[in-house]
Structure formats: C-alpha cells, structure tokens
C-alpha cells in the first residue's frame, strides 16, 4: 500500500513542478509611478521660454523702454482712425483693475493725436491662497494720419507691494527692471526669477492693447 502511494505521488511531481514554475514576483508599481512623475517634471522644466519674451522683446528708444505699433488702415481717414483709437483708450480707463487716475489726458484734434495715462493692477497670480500683483503705470501716445496709426507705450513704472510699507515695497521703472540686461539670464535663454514676471506680464498687456487698437481701426 505504501509503495503504491509513493508511486502515485511520484507521478504527480512533474505536474507540481510545472505549476510552480508559473509563479513570479509581482512588479512594483510604486517605483514606476515615481519614475513617471520624475519624467513629467523633467519635461516641464525642460520647456523653453517663449521667444516673444526673450532678447529684443523690450525695445529701448532714446534711453526709454518704448513699445511701438505701426498699423495700416487702408481707406480710413485720419479722423476715423483717431475716433476709433480714442474709443479704445477711453474704454480702457473703465476696465476692471484701473485706478481713478487712468484717463485720456490730452488730445490734439487738429493733428489727430492722443495721450492717455494709465494706472492699473498688473496681476501675476490670483488663487485662493495667493494674490501677487503690482501697480502698473504707463502712457499711450497715438498719432493718426490717413490710412495709418503710430502708437507707442512708454513711461512705464511699477509699484510692487507698497501696501506693506515703503521699506518693504518696491518702486522702479521699466528701464532698470524689464530690459534684456535686467530680466534675462546671462545666456538670454530664460526669464530672471523676479524681474522676469514683470517683463512677461508687461509684454502680454502690451500685446492686448495693440491687438485691440488694430482691430478697432480695420
């Protein structure tokens, strides 16, 4: 009897060995997830800064940071262009985030010229936990001729975190803060840590203003 039982067990041994050979250790998913997170973070950090913020994006004319728009408006008279730009500049004074000081300050109706001064909030970040912004001052000049508009944004300055007190806040002008020398790294490939955000948002705001003017005179 014992001998027969031994023979039966021996017959099943190869099957047990085969069954056991299919067992393996489960793969560790935690390390894979961590690797994916590290890779995603690396790819994010590797992203290049948009060229529109890099070298040459902030022109300096006669020592002053000056953004310039020259826009054609075929078939439009100087008066028509003047009226359209005036409406844009006047509407800007009523936008959210403007201070009471914002206004169309001077006009030369005969020569179709406008000067508008603005004091507004320039917002860097606005979340439930953080509001990062600066007071942004600038002047817009517009000269209108038949079929053409010449517009500049200049006299730019910032008042950052002044509500904390003069010793804690910062007052500065664009010439000493957002130019290539001040707001880019040495290679000119990235925005500087602090002044870079001022440069980025100033360029974005300039683009919005100029785009609105171009649409208005078309």
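With 0.36 nm allotted per residue and the present C-alpha distance subtracted, the residue 175-residue 204 stretch has 8.7 nm of extension available.
A convex hull fitted to the Cα coordinates of region 50-217 yields 134 cubic angstrom per residue. From least to most packed, judged by other beta carbons within 10 angstrom and beginning with the fewest, 145, 93, 134 follow the order 145, 93, 134.
Computed from the Cβ-Cβ distance with R0 of 22 Å, the FRET efficiency linking residue 80 to residue 105 stands at 0.50.
Each reported figure results from applying straightforward, stated rules to the coordinates on display, with no laboratory input. Quantities reported herein were computed from a predicted structural model and do not represent experimental measurements. Every residue, glycine as well, gets a Cβ built from its backbone with ideal geometry; the counts of neighbours run over all protein chains shown.
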